[in-house]
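Reading through the structure tokens given below for one structure.
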């Protein structure tokens, strides 16, 4: 009697190899538990690895006698549903990334390590009977405790740490006080009820444009449609999101809201949590237990709404109903290392596979999304006016050539600041350069202090330490020039720290807050600064692009953009698009209440066509002009692009590898895919490694994909592959 063929496990192992690996099942494995989506512990080289079962087969290219046996099946039922496994396969093929690393991105870190997939208890807090009886008006000397009592009283269920973080800054200390006084108690985490039983708070009244947008999105629920919600800053896009989400939840569906950075959008989190108290947050900075609990809440359908960063696009949803991508233009949605995917684009692909609508929202839409609207692939929803009585801010270019300057601030801008402050307005100053001074130079020999690991200057910080903003290297400021040994070191240029110090001297009696990566390192610091800004404690706010991430400052009447010129001469072809988006996003912080805002843009190039077009005609016209330029130049979105990157500790190795790669790619590319390079990267040395690029451009995406699929497998066989780190970046967000 002929024996049956052995069952072969096709396992995705997280390794930089573009294929799955075949194994035999473990001894005495229960066939009922062998299903795609379970985790499998397997011997891999000289170590054990945790992979995910993609499929089973009766055939392998490797003889059965040479197949190794899996060590263990780690799950009794699949953790990853079939639809997500299919999305992972598609993403691995489209981005030409190893399937094992792609599938690994679908799991929380604890599960990738092979630990239990069961969510453990996490902390949550609730009011006691004694706490419910407290009159918060009597706690005037303990306002934080009073605020926390009111917050707990507003929610009938328990509040976990993520919910408290989103709702109230610096809550742990007052919480400890409430626990000591017996007014609150800590309990085990209780999963939220099913969506059908979840309360949904009422929203604000909508204007005509908002109502029309919500109705069109709601009408598409249950079918695939991509909407571009193109709304000026302050037009109420969030209320449109919430209205669409409420209807999805009412129908029993789950809504996924993707945001660029969780930590920079506390106001958005608060508004979502007020409407959907059982919403969960998912991002990489969460503690492992909370991240696992959020993953399970999404997978089980216990939460109606998930708010997350780009990795949340891979969350398993039991009842997917709606996907929203806020600030869809933001480059944070593109992963810049490892598996280089675009969460925005994958959100559209996932929505198509699930037959549900996806909303891409922005005040400054990407050129790709505007092009898709023009091609009728996306439906264009417009919110042209600000919500309520708010008016569009007035934008003006300040010609600072030959003007008196005070640490980067012109006399014209300082006069405007005094005028707005006297009228009890608040002032926001934007400078996208943190630190004290970007350049330290010897006054004798002219040498500048450089990073020893990057082709970049060191930035001086106010603590008299030098820091590289590319690799993070730090060292103290030397007393004398290290080149000539005699020269005194001088500081040139200005960053947010230097600007803050100048403002303290110029406005000694006015509260000033600085918001950048250095000032908000401590947890809760950003929330505290924003809360102080809301209550008028800081009439002047100075910061970097972190201030452009959707914050609402109703008291701000003047926005000053200190240096618009640094975005005019970037080497990346997207530099002008990013500059315009940043200017308009920051400008949108002005005049969001009854008083009209003013935006002053300092520049040494007041006649520059990009700036004048943006200020006079607005972003929509500016974007159309850029699209015309892109079409003429044959650049995205009118072409498809991929970037082959290589890096090594020597300068020669990346170029040699890419030369060999070009020879492999050329036959597959033919005349239809253009090869540019290889060439050194614009910043050739970074973090001690030399980098080079090879660019591929095709008029049609299919031609580019076909060339990559044909030629890339051969690159793994090149002799030089062991001397470099290399990767392919499809649809690169930047070419630096």
How large, in Å, is the range 8-112 by the Kirkwood hydrodynamic radius built from its alpha-carbon pairs? 13.7 Å
Sequence-separation-based contact order of the chain, relative, with Cα cut under 8 Å and 6+ spacing, percent: 10 percent
Using only Cα atoms, locate the centre of the range 438-466 and the centre of the range 671-736, then give the distance between them in Å, rounded to an integer. 32 Å
Compactness ratio of the range 304-424: Cα Rg over 2.2 N^0.38 Å, N = residue count? 1.54
Quick one: compute the contact order of the range 195-383, relative version, from alpha carbon pairs under 8 angstrom and 6+ residues apart, as a percent. 34 percent
In what sequence, highest mean first, do 533-543, 22-32 appear when ranked by Cβ atoms within 10 angstrom? 533-543, 22-32
In nm, what is the difference between 0.36 nm times the number of residues separating residue 380 and residue 483 and their Cα-Cα distance? 31.2 nm
State whether the range 195-383 is rounded, prolate or oblate according to the following rule on the C-alpha gyration tensor (a ≥ b ≥ c being the square roots of its eigenvalues): a/c under 1.5 gives rounded; otherwise a/b larger than b/c gives prolate, and the remaining case gives oblate. rounded
Which percentage, to the nearest 5, of the DSSP beta bridges contained in the range 195-383 is antiparallel? 5 percent
Using a basic spin-label model with each label point 7 Å from the Cα along Cα→Cβ, how many nm lie between residue 505 and residue 394? 3.2 nm
Per-pair calculated FRET efficiency, R0 = 60 Å: residue 492 and residue 300 via Cβ, rounded to 0.05: 0.60
Given a Förster distance of 60 Å, report the FRET efficiency between residue 129 and residue 27 from their Cβ-Cβ distance, rounded to the nearest 0.05. 0.60
So for the range 640-730, averaging the separation of alpha carbon pairs under 8 Å that are six or more residues apart and normalising by length, what relative contact order in percent results? 46 percent
Burial-style ranking of 702-708, 683-689, average other-beta-carbon count within 10 Å with highest first, yields 702-708, 683-689
Percent antiparallel among DSSP beta bridges (both partners in the chain, rounded to 5): 55 percent
Can you classify the range 367-489 as rounded, prolate or oblate using the Cα gyration tensor, where a ≥ b ≥ c are the square roots of its eigenvalues, rounded means a/c under 1.5, and otherwise it's prolate if a/b beats b/c and oblate if not? oblate
So for each of 101-114, 267-280 I average, over its residues, the number of other beta carbons within 10 Å; can you give me the resulting order with the highest mean first? 267-280, 101-114
Centroid-to-centroid separation of the range 229-283 and the range 520-558 [C-alpha atoms, Å]: 21 Å
Everything considered on the Cα gyration tensor (a ≥ b ≥ c; rounded for a/c under 1.5, else prolate if a/b is larger than b/c, else oblate), the chain must be described as oblate
As a Kirkwood estimate from alpha-carbon pairs, the range 609-696 has a hydrodynamic radius in angstrom of 15.3 Å
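Readers should treat all values here as calculations from the given coordinates under stated rules, not as data from a laboratory. In this text, all values refer to a predicted model and were calculated from it rather than measured experimentally. All Cβ positions, even for glycine, are placed from backbone atoms using ideal geometry, and neighbour counts span all protein chains on display.
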